[in-house]
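Novice: Below is one structure. I have some questions about it.
The values are calculated or read from the model by the stated rules, or taken from the named source; none is laboratory data. What you see is a predicted model, and the numbers here were worked out from it, not measured in a lab. Don't worry about glycine lacking a Cβ; one is built from the backbone with ideal geometry, like all the others, and counts go over all protein chains shown.
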Amino acid sequence: MPWTLTSLIAFLVISYVQAVVAQAEAPVEYAISPDRTEVFISIPEKKESYYFNNNAKRLSYTYKIPGKWKPSQESALLVSEDGRAFVGVMLYSTKELEGYEGNDLLTRTSNLITKNYQQKIGKSPASKKLVSFSSPRSGTMKWSASWHSVGKDGRPVELRTDKVLWEISPGWVAQITVNGTSDDDGLARGILETLNATSKPEGYWPFIRRHFPKVPGS
């Protein structure tokens, strides 16, 4: 889903509502998806951003991330101001992991991710692994895979991708993706520290109403 930010006035652009609202403490930039599931809030003066995914049909989740970020063209994906880095968090349910091998949810999730990349790239990875990942959350694992390819100049290149996995709630696995920052693992740990989920019907709207009362729908 496309995301954009504007200033001073809330208006509709490509089905998104955006605005810059002067709050009591600092200006707040925000964007809300058409179905009101995703809410992105940035506080430039504090150099921090919040992402909320309020989905009563699944599991709502939220996290805070340092720095200035903005929504991307893809759902649940944020990009840095210079467009060189991106972060994203998405959830997999037990039902979505049915049919994938593994004695635990994280292993089954890693096999699902591998299959998705195989279909996207067109071949199996040259190497892959699932190892323990040191973080504020116990039981966190890191999936890594690489593919051998050939660059435009004819030289061999290695394509590599990493995902951090954590069982955020019974029957639900969070996949954290961080790429292009000066410390991808460090930022992933920071996201994990604030990553939380709730099954309440309203999701995190009560939190948004309390802390950001001028956001539409609050």
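Novice: What are the residues in the stretch 120-178 that are in a loop (DSSP other than H, G, I, E, B) and under 12 Å from residue 192 (Cβ atoms), if any?
Specialist: Of everything in the stretch 120-178, those that are in a loop (DSSP other than H, G, I, E, B) and under 12 Å from residue 192 (Cβ atoms) turn out to be 133, 134, 135, 136, 137, 138, 139, 140.
Novice: Just to check your reading of the model, which residue among 83, 139 is closer than 20 Å to residue 184 by Cα, at pLDDT below 95 and not aromatic (Phe, Trp, Tyr)?
Specialist: 83
Novice: Same structure, new question: Yes or no: residue 72 surrounded by 20 or more Cβ atoms within 10 Å (Cβ to Cβ) and at pLDDT below 95?
Specialist: When the stated conditions are applied, residue 72 does not pass them.
Novice: Sticking with this one: Taking only the stretch 193-218 into account, find how many residues are free of Cβ contacts under 8 Å to residues at least 60 places away in the same chain, in a helix (DSSP H, G or I) and not charged (D, E, K, R).
Specialist: The number of residues fulfilling the criteria is 2.
Novice: Continuing with the same structure: Taking residue 127 as the residue in question, decide whether it is closer than 29 Å to residue 208 by Cα and surrounded by fewer than 17 Cβ atoms within 10 Å (Cβ to Cβ).
Specialist: Judged against the criteria, residue 127 is not a match.
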